[in-house]
Every structure is written in C-alpha cells, then in structure tokens.
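Following: one structure in structure tokens, then a few remarks.
The values are calculated or read from the model by the stated rules, or taken from the named source; none is laboratory data. All values reported here derive from a predicted model rather than from experimental measurement. Please note: Cβ atoms are built from the backbone with ideal geometry, for glycine as well, and neighbour counts cover all protein chains shown. In case anyone asks, the SASA skips ligands and DNA or RNA and just uses the protein heavy atoms, side chains included. Shrake-Rupley method; radii C 1.70, N 1.55, O 1.52, S 1.80 Å.
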Amino acid sequence: MNIGDQPLRFGSGAAVRRVEDPALVQGRGRFTDDVTLTGQTWLAFVRSDRAHARIVNIHLDEALATPRVLAAWTGADLVAAGVRPLEFPPAFQCPDGRTASAPPRRALAHEVVRFVGEALAAVVAESREAARDAAAAVWVEYEELPVVATLSAALAPDAPRVWHDAPGNVLAEARYGDTDAVDAAFAGAAHRVALDLVNQRLAPSPMEPRTVLAWMDAGRLTLRMSSQMPTGVRAALAACIPGRTVENTRIVVGDVGGGFGMKTGAYPEDIVLGWAALALGRPVKWQGERIEEFVSSVHGRGAEGHAELALDAAGKVLALRLQGWANVGACPGASSVAIPLVIGPWVLTSIYDIALVSLKLQAVLTHNAPTGAYRGAGRPEAIYIIERLMDAAARALGIDGAELRRRNMIRPEQMPYRNALGQVYDCGQFERMLDQGLALADWRGFETRRAASRARGALRGRGIATFLEWTGGNALVEGVRVDVSADGYIELISATMAMGQGIVTSYVQLAHDVFGVPPERIRILQGDTDRANGFGSAGSRSLFTGGAAVRAASERTVEEAKKLAGDALEAPAADIEYAAGRFTVAGTDLGIGLFELAGRQAARRITVSADAQAGGPSWPNACHVCEVEIDPETGVVRIVAYASVNDIGRIVSPTIVRGQIEGGAVQGIGQALGEGIVYDAESGQLLSASFMDYALPRVDGFRDFKTVFDESVPCLTNALGAKGVGELGTIGATPAVVNAVVDALASAGLGGEAEKVQMPLTGEAVWRALARRPR
C-alpha cells in the first residue's frame with residue numbers, strides 16, 4: 001500500500017491523507033467492470049416500456065437468431081425453472097390489521113409488468129454489442145392495464161388497484177402515539193401551525209452504475225459486484241436460485257464507486273446474472289446503463305404529509321400530529337416500507353422535548369419503481385417535517401427561529417432521554433451546538449447582510465436546522481479478524497464495505513494506534529463472503545461498530561501475541577511489553593519483532609478474531625445555518641453562506657468527517673434546489689430519466705462551507721465514543737436551505753404563501769411563487 005507522504009502522527013485524531021486515494025487517482029482501482037474472465041459473455045435486459053400491462057407474449061425468435069447470441073429467457077422460463085421472487089417479509093400490517101403482502105419482485109416480470117423499466121427478458125451473447133442488439137430485437141405483446149402513477153391517483157376513490165391484496169392501494173399502515181391526548185392538546189393550544197409537505201423522489205446516482213459479473217467455480221456460484229452488503233446479497237441469491245445455498249454461493253466486491261444506500265440489497269438483475277451463469281456454465285457480465293439506473297434502481301424519499309404543531313402561549317410545543325403517505329412503488333421491498341413507517345418516525349421529534357404525538361403513516365403502491373435506502377433513509381424526511389414546522393411556528397408567533405428551538409430543546413440533565421417513539425438518546429448537549437452554530441454563522445449580523453443584498457436588488461433569506469439522527473441500522477455487532485504474517489503485513493478482515501467514504505483510512509488509523517507499525521504495513525480487506533460476513537455498511541454504522549471491532553481485535557491480537565512472545569523469550573507473559581511492532585521483556589534488552597514472531601508459528605502467521613458490540617445506536621446531532629440570495633427576476637437561488645457545528649462524538653479521521661459532512665450537505669442542497677424524479681401522471685413514463693432532465697448539484701455550486709466539530713460529548717454506547725457521520729450533512733442541509741428560501745420569500749411580501757412552496761425550489765418554482773406577491 002503506497003499511501004504517500006503522511007504526517008508524523010498517523011493515529012486516530014490525526015488529519016491524514018486517505019490511504020485509498022493513490023490507487024484510485026492513478027487508475028489502479030479495481031471495479032467490477034475492470035474484471036474480464038476467460039470465456040466471458042454479456043447479458044442485456046429487455047425492459048418494459050409500459051407502466052402497467054399484461055404480458056400477452058414475448059417473442060424471442062429474432063433475438064435468438066442474432067449472430068453470437070447464446071441464450072434468452074423470459075420471466076415464464078425462470079418461473080418454470082423454480083427461480084423464486086425476492087422476499088417481502090411478513091413484518092408490516094395493513095390498515096385492517098392483516099399481515100401485508102406485496103406484488104412479487106421477480107427476477108424477470110411474469111404475466112404482468114408494473115412499472116416502466118421492469119425487466120421482463122434477458123439475452124446473453126458473446127459481446128456487449130451483440131447482447132444489446134438482440135435485446136432490441138425482442139418483441140413484446142402487451143394488453144394495457146390502468147395506471148396509477150402518483151400518490152394522489154393511487155389514493156383517489158375507486159382508483160385501480162396496483163395489487164389485489166392492497167385495498168385503496170394502501171399496502172401497510174403504522175400508527176404511533178396517543179390520538180386522544182393529542183387532540184385535547186390541540187383543542188387547548190394557544191397556537192397551531194400546519195403544513196403540507198412533499199419530499200420528492202430522488203435518484204441516488206452513484207458514479208458507478210450497478211455492475212455484476214457471475215461465474216461458476218468448481219460448483220460454486222460467484223458474483224463479483226458493486227454492493228454495500230455482500231452477505232445480504234448472498235442470502236438473497238441462495239433463497240431465490242434453485243440449488244444455491246450460502247455455502248455454495250460467494251459474493252466478491254472490489255472498489256465501489258458510490259452507494260448512498262442504493263446498493264444495500266439484492267436486485268432482480270443479480271438473480272438473473274446468477275441464474276445465467278449457472279445455466280450456461282460460463283461467466284456472464286452486465287453493466288447497467290445510466291438510463292437503466294434511473295428506471296430500475298431504487299429511488300429515495302417519495303413522501304408527502306400533512307403536519308401540525310400545537311404550542312402554548314410561550315412557544316412550548318404541546319403536541320405533534322402527522323398524517324403521511326409514502327409512495328413505495330409497485331414492487332416494494334422491506335426497506336421500502338420500513339424507512340417511512342418505522343425508521344423515519346424514530347427521529348421525528350428530533351432534539352425537542354415533545355411528549356405527545358399522533359402519527360398515521362401509510363405505504364402506498366403506485367406504478368413507479370420501488371423506493372429504498374438513500375442517504376439518510378427516512379431521517380431526512382422526518383427532520384425536514386419538524387424543522388419546517390419549527391420555522392413556521394416561529395414566524396406565526398413572531399419569535400426568532402433559534403429562540404423557539406432553544407425553548408423546546410431536550411436538556412442535558414434529561415439524558416438518557418426516551419422520546420415519544422420509545423427511542424433512547426444516550427447523550428446530547430443540543431443548546432451548546434445551537435450557540436456555537438449561531439456564533440459561527442454570525443446570526444446577529446444577518447439583517448445587515450440582508451440590507452446589503454437588498455441594495456443589490458437581491459432577496460436574502462436565512463434558514464436554520466437543529467437536529468439529530470439515528471445511526472447503526474440496529475445491527476450493533478461487528479467482527480474483525482486479524483492476520484499478522486511473516487512477510488511483514490497486518491491484515492484486518494471486515495464485513496463492512498468501503499464505497500468511497502474513506503473507512504479504510506479510519507480503520508488503518510485505529511489499527512496503527514494499537515500496533516504502532518508504519519501504516520503501509522496495515523492492510524484492510526473487505527468484500528469477500530468467503531472471508532468475512534456481517535451486516536455490511538449502511539446507516540452510518542461502519543466506524544462505531546466496525547471501527548470498534550478493529551480496535552478490539554487489534555488489542556486482542558497484541559495480548560495473544562504477548563503469550564507467544566513469552567514462550568519465545570522464555571519469560572512470563574505478564575513481563576512482556578509491546579510497543580511499535582516489538583515485544584520486550586520488561587527491564588531487559590531481550591526482545592522479538594511482531595513479524596518475526598509470526599514467522600515462528602506453524603502457519604507463519606498469528607490469527608485472532610474479535611467482536612465488538614455497541615450498547616445501542618448513536619445519535620449525532622448538529623446545528624446548520626444557511627443563507628441564500630434570490631434573483632427576483634429569474635427566481636434563481638444562490639447559496640451565499642453555510643455554517644455548521646456538528647457533534648459526532650470522538651473523531652478518528654478529521655479530513656474524512658469533514659468530507660462526509662460537506663459532501664452530504666451538497667446532496668441535501670441538491671434535493672432542496674434541483675433534484676426530482678418525475679413520472680408522467682397519465683402514462684407512468686419516467687420523464688427525468690437522464691442527467692439532461694435530472695439536475696444533480698454541480699462542481700460550480702456552493703463550496704465555501706464553514707464546518708466545525710465539537711467532540712466534547714462522546715457517545716456512551718460504543719468503545720470509541722464515536723457517532724455516525726455519513727448522513728448527518730444531508731439530513732440538515734435540506735431543511736436549512738428550504739427554510740432560508742421561505743424566509744426570503746416571506747420577507748419579500750409573500751407572507752404565509754411562502755410556506756406553500758415545495759421542493760425542488762428551482763428558479764422556475766421560486767419565480768412562480770414570487771409572481772403571487774400582492775401588487
């Protein structure tokens with residue numbers, strides 16, 4: 001590992017260069033599409049161009065006659081062969097109390113297609129071009145069926161059913177809180193505010209599209225792919241493909257060009273690739289085109305709601321009420337439903353002491369692609385709701401937004417604090433973060449800056465978000481194996497996954513803390529289910545679970561090696577000391593090097609494993625403040641200031657966490673100002689299926705972040721004291737930016753109409769809002 005010049009101090013807490021980067025920037029990364037096997041073939045999918053239709057016939061004859069084509073299959077072929085759909089767990093309830101069931105998510109659609117982009121046939125050929133040509137030659141006969149492409153259409157009276165077992169297209173429902181007590185609180189409240197809010201669908205858009213290479217190796221099925229959760233994919237393949245078990249199936253993951261939650265589970269395409277390799281006995285590769293990612297990969301967000309706060313005369317929140325609907329698409333998976341109905345609600349009351357809630361949340365089927373995890377997964381939607389409500393309440397009461405938040409914050413002496421959804425916060429000093437955030441943003445100097453903007457003909461607004469998030473995925477145990485080899489390297493093997501977030505650097509720093517050897521002597525191995533299995537990387541869990549396991553396994557390795565060193569040096573283990581890669585007998589010059597000691601073992605290595613278990617999730621929190629300027633002639637919004645103070649507990653890699661916060665904020669800004677999946681309401685066609693129509697943030701956007709970290713409140717549930725960081729920036733940015741735009745519009749004379757704007761706040765959307773100003 002060539003990690004370049006590094007500072008003299010490399011351990012945790014030091015700002016070091018990422019050890020992953022030299023290989024990546026020099027073109028030595030190894031992504032799935034970089035691997036080509038002998039005898040490799042290529043697979044192309046035929047995808048539905050209808051949102052809802054019965055499959056009358058799929059004609060493969062012309063495709064099979066195409067030169068160099070080896071095979072083609074339909075959904076009927078795979079059903080006949082015993083290939084099973086991806087599982088939808090019996091974990092959710094319908095409104096009438098029955099266990100919810102969902103339309104089958106098959107490897108290839110069978111009998112009915114339910115969204116544009118659903119794969120319904122696959123063709124394998126000797127080259128990528130031949131496979132694509134043959135797929136284009138497949139002719140599908142459809143019988144058109146009614147389409148419901150939006151939430152409003154799906155929930156309309158007498159709407160066509162997406163699934164026979166979901167009356168009213170409501171797949172599942174969850175209710176929380178005490179409705180009667182909340183109704184009473186609202187009845188007696190001095191103030192009430194209500195907002196209708198939309199969290200639009202988003203396309204996760206990692207740089208590397210999904211790519212899969214499948215082959216058979218001595219009777220075992222191996223898939224090399226881009227994934228955040230190799231073990232989960234292996235389990236899905238074993239469940240879906242006849243004759244496959246977790247023992248005779250292997251998943252290998254190399255470099256991953258971004259995941260953002262989109263690559264957390266198995267997809268139908270993965271099942272088809274595994275089946276094709278098994279059926280043909282040859283390697284088969286598929287690389288998704290960008291348009292395939294838009295139409296068939298899971299989307300994020302996609303929720304709407306009517307939210308209300310009741311407050312007393314002093315601005316103390318008495319109760320929160322929410323009715324919410326999540327568009328989970330046509331063939332949802334477990335995460336499609338769990339994110340809006342379970343995970344999001346956990347953080348809805350955020351850092352505020354709100355004892356009474358009444359939540360009615362529904363997962364609604366439409367003829368759209370399924371939703372799934374996307375950076376934040378439920379927490380951005382929930383925090384957006386409460387932070388928009390807080391600003392609306394402050395405006396209605398004539399109270400400064402920061403002051404209203406302060407009056408409602410949970411106090412340090414209330415920790416550990418159980419929120420209205422039963423989640424327990426171990427620690428948090430939220431007012432401290434607020435005070436630092438206000439100082440960093442120069443909160444009191446805003447009116448001077450607003451006046452300066454007005455003098456230039458621009459509208460200026462200020463937004464704030466004070467919030468927390470839940471991290472860990474409720475997978476709180478992680479294991480690591482350490483191999484110290486005679487050739488001078490320490491290998492740490494983990495089931496977490498690098499996907500661009502820099503976790504390898506953090507692990508090397510933690511191992512360096514214990515072993516004290518040069519960092520280039522430490523290797524982190526991930527992405528092979530033959531070597532390590534576990535939950536994987538999602539929910540900002542990698543450091544506080546996987547990192548804790550790195551430290552535990554490293555410390556255990558040193559302790560076990562002390563016994564071996566004692567034998568080698570003929571001294572009691574209690575007298576053996578260790579530092580910087582060498583064992584010595586206390587008070588003497590007798591010693592032996594760690595790697596020399598490994599060479600004396602029968603296997604010429606020392607191998608130790610250890611697990612680490614967190615006592616609960618972590619609750620990172622922050623104060624983010626954004627200022628925007630709006631051109632009133634065009635509606636174009638420009639971010640002119642962004643400051644944040646973030647409590648992520650103990651920091652291992654300062655450079656990396658800064659990148660996570662600021663990179664995450666850019667994604668949150670993208671949702672606020674530009675991004676949005678759009679389906680045609682009549683046909684269900686995806687109108688935003690390329691980057692010509694889907695507006696990702698660009699490199700010429702805002703970059704002058706002021707980002708500060710406060711390490712004074714370490715997490716109490718894990719050995720490192722760390723709190724997850726990967727999604728915090730995204731969660732805070734969206735409401736901070738939108739609140740700033742609403743503030744600018746309200747100050748321009750829109751008043752309460754400003755609260756009605758919905759994301760994305762494009763130039764056109766803001767211009768149209770400004771056009772509603774009284775003349």
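Give the distance, in whole Å, between the Cα centre of region 119-196 and the Cα centre of region 444-518.
The distance from the Cα centre of region 119-196 to that of region 444-518 comes to 34 Å.
In whole angstrom, note down how far apart the Cα centers of region 705-775 and region 86-113 are.
Rounded to whole Å, the Cα centres lie 35 Å apart.
May I ask for the net charge around residue 264, where only other residues with Cβ less than 14 Å from the Cβ of residue 264 are counted and Lys, Arg are +1 while Asp, Glu are -1?
Details: positive: 210, 234, 263, 375, 541; negative: 270, 727.
Net charge in that neighbourhood comes out at +3.
Any idea what the relative contact order of the chain is, in percent, if you count C-alpha pairs under 8 Å spaced at least 6 apart? Before the final figure, lay out the partial values.
Working: 1937 pairs, mean separation 116.1, N = 775.
Answer for the chain is 15 percent.
Can you give me the relative contact order of region 675-775 as a percent, contacts being Cα pairs under 8 Å and 6 or more apart?
Numbers: 51 pairs, mean separation 15.5, N = 101.
Rounded, it is 15 percent for region 675-775.
For the chain, count all C-alpha to C-alpha pairs, find those more than 48 Å apart, and express that count as a whole percent of the total.
Here the tail beyond 48 Å accounts for 22 percent of pairs.
Mind giving me the nanometre distance, one decimal, between the label points for residue 634 and residue 440, set 7 Å out from Cα along Cα→Cβ?
Here the modelled spin labels are 3.0 nm apart.
Once the Cβ-Cβ distance between residue 181 and residue 711 is put in as r, and R0 is 45 Å, what FRET efficiency do you end up with, to the nearest 0.05?
0.70
Per residue, how big is the convex hull of region 102-229 when only Cα atoms are used? Give it in Å³. Could you put the intermediate results ahead of the total?
Working: hull volume 30.8 nm³, N = 128.
Cα convex hull per residue, to the nearest whole number: 241 Å³.
Residue 37 versus residue 24, label points 7 Å from Cα toward the beta carbon: distance in nm?
The modelled label-to-label distance comes out at 2.7 nm.
What is the extension gain from residue 771 to residue 220, computed as 0.36 nm multiplied by their sequence separation minus the C-alpha to C-alpha distance, in nm to one decimal? If you can, show how the numbers build up before the last one.
Numbers: separation 551, 0.36 × 551 = 198.36 nm, distance 6.42 nm.
Between residue 771 and residue 220, full extension yields 191.9 nm more.
State to the nearest 20 debye the size of the charge dipole of the chain about its Cα centre, where the only charges are +1 on K and R beta carbons and -1 on D and E beta carbons.
Computed charge dipole of the chain: roughly 640 debye.
Provide the gained length on full extension for the span residue 570 to residue 520, in nm with one decimal, where the gain is 0.36 nm per separating residue minus the Cα-Cα distance.
Details: separation 50, 0.36 × 50 = 18.00 nm, distance 3.11 nm.
Result: 14.9 nm gained on full extension.
Please compute the modelled spin-label separation between residue 556 and residue 126, points set 7 Å along Cα→Cβ, answer in nm with one decimal.
Going by the 7 Å Cα→Cβ label model, 5.3 nm.
Taking all protein chains together and a probe of 1.4 Å, list 143, 62, 431 from the most accessible to the least accessible. Each step should come with its number before you reach the end.
Details: 143 85, 62 125, 431 60 Å².
Greatest to least solvent exposure: 62, 143, 431.
Grab the Cα-Cα distance for residue 696 and residue 158, subtract it from 0.36 nm times how many residues apart they are, and report the gain in nm with one decimal. Don't jump to the answer; show the numbers that get you there.
Numbers: separation 538, 0.36 × 538 = 193.68 nm, distance 3.71 nm.
Stretched out fully, the residue 696 to residue 158 stretch lengthens by 190.0 nm.
How big is the antiparallel share of DSSP beta bridges in the chain, given as a percent to the nearest 5?
Working: 106 of 131 bridges.
DSSP beta bridges in the chain are roughly 80 percent antiparallel.
Per residue of the chain, what 222 nm ellipticity follows from adding -39500 (n - 2.57) for every DSSP H run with n ≥ 4, rounded to the nearest 500? Spell out each step's value before the answer.
Numbers: 20 runs with 209 residues, N = 775.
Counting only the DSSP helices, I get -8000 deg cm²/dmol.
Straight distance only, please: which lysines reach the Cα of residue 360 with their own Cα at less than 24 Å, same-chain residues fewer than 8 apart left out?
The qualifying lysines are 316, 756.
Select from region 10-62 those trypsin sites (Lys or Arg not before Pro) which occupy a DSSP coil region and have at most 16 other Cβ atoms within 10 Å, ordered by residue number. Could the numbers behind the result be given before it?
Details: sites: 17, 18, 28, 30, 47, 50, 54; in loops: 17, 18, 28, 30, 50.
Those satisfying the criteria are 17, 28, 30.
Near residue 263, which lysines are there with a Cα under 25 Å away, not counting those fewer than 8 places off in the same chain?
Here the lysines satisfying the reach criterion relative to residue 263 are 285, 723.
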